[in-house]
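Below is one structure, written out as structure tokens; the observations come after it.
What follows draws every value from the coordinates through simple rules; no lab data is involved. As the structure is a computational prediction, the values presented were derived from the model and not from experiment. Quick reminder, even Gly has a Cβ in these numbers, built from the backbone with ideal geometry, and neighbours come from all protein chains shown.
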């Protein structure tokens, strides 16, 4: 179904540019007549009037006919004008909460109102997921899922706030009878690494890449342990030792006010990983 991206007055310049790009794409589609394109243009420029805009009103305003509008809606994948209008209104309302530029490091300012802060956080969450989704390698996710399902033991390595996110992931895995060990929970990662073997699988989740894990990773490699790494640091020294690598966009800087983006990114990746595992074990 063709998505008519919406343009509303309160939208940011960024959203407006995206909308215009979509309109150009639509206007270049040969399946739409010039008359139908004029109807689309009118809708895009009068989205704030949609609730009161009947099909008869739209036909009069665009000097077309009801039949032309119905034909346009069906070409776009809708049963009729009413169905199209419902989607346009929904998308318009959703876009009200999108801000022009998302600051992943400092998503809000102290002089902003509560409403502005909530709007910024909405955009942060939305754009964070988009960033990670666009960069995910499905084949790597499938490979990691396969390792988690079939290896005898699973060990997870993470520190700080990420450890909380990883614990949530381990709780999910328990529901499919997989019981991973958080190797870094009690500072015993070096000892655990030495006792791991080719029947085990190690997953490291670290935004910057923990150099203190380098010795552990070298030990794991020596013991023929397959290693998965989820990180944002392209210069991560651990990458050279890893078999499965998921690289997320590096949007969050060192001077962040909190780990909003990094934890959202990890949570999204791990949730997808769990979903694949759940699907496979219940297939």
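Summarising the label geometry, the points placed 7 Å from Cα in the beta-carbon direction at residue 117 and residue 240 lie 4.5 nm from one another. Treating each Cα of the range 137-281 as one equal point scatterer and applying the Debye formula with no solvent, the log10 of I(q)/I(0) at q = 0.12, 0.15, 0.20, 0.21 Å⁻¹ comes out as -0.43, -0.69, -1.31, -1.46.
Return 281, 140 ranked ascending by Cβ neighbour count within 10 Å, so the fewest neighbours appear first.
Working: 281 14, 140 18.
Final ranking by Cβ density, sparse to dense: 281, 140.
Spatial offset of the range 127-174 relative to the range 229-261 amounts to 13 Å, using the alpha carbon center of each. Against the chain, whose longest principal axis comes from its Cα atoms, helix 66-75 is set at around 20 degrees. Taking every alpha-carbon pair under 8 Å whose residues sit at least 6 apart, the chain reaches a relative contact order of 18 percent. When the chain is treated as a GNM with alpha-carbon contacts under 10 Å, the residue of 45, 111, 171 showing the greatest mean-square fluctuation is 111.
Before rounding to the nearest 500, sum -39500 (n - 2.57) across all DSSP H runs of length at least 4 in the chain and divide by the residue total; then give [θ] at 222 nm in deg cm²/dmol.
After summing the helix terms and dividing by the residues of the chain, the value is -16500 deg cm²/dmol.
Compared with the alpha-carbon gap, the fully stretched path from residue 138 to residue 208 is longer by 23.0 nm at 0.36 nm per residue.
Between 0 and 90 degrees, the angle of helix 34-45 with respect to the longest Cα principal axis of the chain falls at about 70 degrees. The candidate values are (i) 1, 5, 11, 14, 15, 14, 10, 7, 5, 4, 3, 2, 2, 2, 1, 1, 1, 1, 0, 0; (ii) 1, 6, 12, 17, 19, 16, 13, 9, 4, 2, 1, 0, 0; (iii) 1, 5, 10, 13, 12, 10, 9, 9, 9, 8, 6, 4, 3, 1, 1, 0; the one derived from this structure for P(r) over Cα pairs in 5 Å bins from 0, in percent carries the label (iii). Each residue in 270, 124 was given a count of other beta-carbon atoms within 10 angstrom of its own, and listing them fewest first yields 124, 270. Structure remark: mean-square fluctuation, Gaussian network model of the chain, C-alpha springs under 10 Å; the largest value among 49, 213, 182 belongs to 49. Using a cutoff of 8 angstrom between alpha carbon atoms and counting only pairs six or more residues apart, the relative contact order for the range 137-281 works out to 28 percent. Each of 65, 206 was scored by other Cβ atoms within 10 Å of its Cβ. Arranged with the fewest first, they read 65, 206.
Pairing the Cα long axis of helix 160-174 with the longest principal axis of the chain, what angle in degrees results, from 0 to 90 and rounded to the nearest 10? In the chain, helix 160-174 runs at an angle near 90 degrees to the longest axis. The spread of Cα positions in the range 234-283, taken along each principal axis and listed from longest to shortest, comes to 44, 28, 12 Å.
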